[in-house]
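The values are calculated or read from the model by the stated rules, or taken from the named source; none is laboratory data. Note that the structure is predicted; figures quoted are calculated from it, not measured. Don't worry about glycine lacking a Cβ; one is built from the backbone with ideal geometry, like all the others, and counts go over all protein chains shown.
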Amino acid sequence: MTTGSATFHAGGLGERVAAARGRIESVSGDPAAVRIVAVTKGFGADAVRAALEVGLDDIGENYADELVAKAGALSDGGPVATTPAWHYLGAVQRNKVPRLAPLVSCWQGVARIEEGRAIAHRRPGATVLVQVDVAGLPGRGGCPPGQVSELVGALRGEELDVAGLMAVGRPGPSDEARPGFTLVSRLADALDLPVRSMGMSDDFEVAVAEGSTMVRLGRVLFGERPPRR
């Protein structure tokens with residue numbers, strides 16, 4: 001299986017980033033208040049380099065193999081504009097934590113205390129976000145909303161830096177994701193958590209309107225991703 005190997009052509013990326021920031025500003029009034037995580041899933045390290053060149057330092061990956069491979073390719077390929085802050089967006093599999101721990105700056109998909117303990121063992125004090133299940137659909141990851149407070153407390157007990165909450169919006173028309181995003185913002189407020197990672201290419205404007213401080217953008221920046229093979 002080939003992972004993250006498709007060639008990315010960087011032409012126009014700067015314009016697409018500016019357009020995304022403009023859409024954020026039209027909702028929030030302050031694009032600087034919302035961080036963009038550039039999701040390069042399916043593309044090679046050239047997409048990461050292009051993102052860094054236009055000032056996107058936060059790079060998101062869903063698959064452990066892709067993240068490790070791209071990090072290696074960057075280090076072997078000469079100087080880069082800046083060092084990426086890798087965000088791991090996928091479900092945390094404990095057997096993959098040892099490879100990821102030296103690289104990942106923020107673990108965005110923590111949904112169980114066992115995952116947090118595995119991270120804490122390899123990377124004490126690591127920054128994590130608790131993924132909240134706002135869709136309630138089979139196969140979707142995340143902690144049930146009613147258990148978020150307990151999980152946050154348990155992760156803090158492992159001396160992890162719980163910076164905030166993350167959610168994947170309900171599929172379908174973007175406005176259908178709004179109630180879930182509203183819930184996550186309320187939970188974050190109640191727990192005094194500053195980061196709300198909500199919104200992807202199809203629904204990030206709704207997420208920003210509901211209090212997102214971080215959006216995870218792939219297709220709107222890089223185009224349709226190639227099939228994983």
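With the requirement that a residue be at pLDDT 90 or above and either assigned to a strand (DSSP E or B) or over 22 Å from Q108 (Cβ atoms) (or both), what does the stretch 24-43 give you?
The answer is E25, S26, R35, I36, V37, A38, V39, F43.
Take the residues in the stretch 65-108 that are crowded, with 21+ Cβ neighbours inside 10 Å and of a type in the set (D, E, K, R), then tell me which one is farthest from G142 (Cα to Cα).
This residue is K70.
Does A73 satisfy being more than 29 Å from V148 (Cβ to Cβ), out of contact with any strand residue (DSSP E or B) (no Cβ under 8 Å at 6 or more places or on another chain), part of a loop (DSSP other than H, G, I, E, B) and not aromatic (F, W, Y)?
No, not satisfied.
Check whether at least one residue in the stretch 158-165 is part of a loop (DSSP other than H, G, I, E, B), surrounded by fewer than 23 Cβ atoms within 10 Å (Cβ to Cβ) and more than 20 Å from the chain's Cα centre (by Cα), and report yes or no.
Taking every residue of the stretch 158-165 in turn, at least one turns out to be part of a loop (DSSP other than H, G, I, E, B), surrounded by fewer than 23 Cβ atoms within 10 Å (Cβ to Cβ) and more than 20 Å from the chain's Cα centre (by Cα).
Find all pairs meeting these conditions: Cβ atoms under 7 angstrom apart; at least six residues apart or on different chains; first residue within the stretch 121-135 and among the charged types (D, E, K, R); second residue crowded, with 18+ Cβ neighbours inside 10 Å and not in a loop (DSSP other than H, G, I, E, B).
So the pair list comes out as R122/V97; D133/C143.
So, in the stretch 190-208, exactly how many residues are in a helix (DSSP H, G or I) and without any contact (Cβ under 8 Å) to a residue 12 or more places away in the chain? Steps first, please.
Step one: of the stretch 190-208, the residues in a helix (DSSP H, G or I) are 190, 204-208.
Those still in the list that are without any contact (Cβ under 8 Å) to a residue 12 or more places away in the chain too: none.
Qualifying residue count, the stretch 190-208: 0.
Suppose we keep only residues that are outside any helix (DSSP H, G or I) and hydrophobic (A, V, I, L, M, F, W, C) within the stretch 44-62. Which one would you say is nearest to V168 (Cα to Cα)?
Of everything passing the filter in the stretch 44-62, I59 is nearest to V168 (Cα to Cα).
Just give me the residues in the stretch 136-156 being among the charged types (D, E, K, R) and without any contact (Cβ under 8 Å) to a residue 24 or more places away in the chain, in sequence order.
Result: E150, R156.
Have a look at V168, V215 and point out the one that is under 18 Å from the mean Cα position of the chain (by Cα) and either surrounded by fewer than 17 Cβ atoms within 10 Å (Cβ to Cβ) or more than 18 Å from S26 (Cα to Cα) (or both).
From the options V168, V215, the qualifying one is V168.
Specify the residue that is farthest from G90 (Cα to Cα); the eligible residues are those in the stretch 127-154 that are touching a helix residue (DSSP H, G or I) at 6+ places or on another chain (Cβ under 8 Å) and surrounded by 23 or more Cβ atoms within 10 Å (Cβ to Cβ). Spell out how you get there, then give the answer.
Here is the first cut: in the stretch 127-154, the residues touching a helix residue (DSSP H, G or I) at 6+ places or on another chain (Cβ under 8 Å) are 128, 130, 132-135, 143, 145, 148-149, 151, 154.
Narrowing further to those that are surrounded by 23 or more Cβ atoms within 10 Å (Cβ to Cβ): 128, 130, 132, 134, 148.
Working: V128: 12, V130: 12, V132: 13, V134: 16, V148: 18 Å.
So the residue we want is V148.
Kindly indicate the residue of the stretch 14-56 that is acidic (D, E) and over 22 Å from D203 (Cα atoms) and also surrounded by the most Cβ atoms within 10 Å (Cβ to Cβ) among those meeting that condition.
For the stretch 14-56, the residue satisfying everything is D46.
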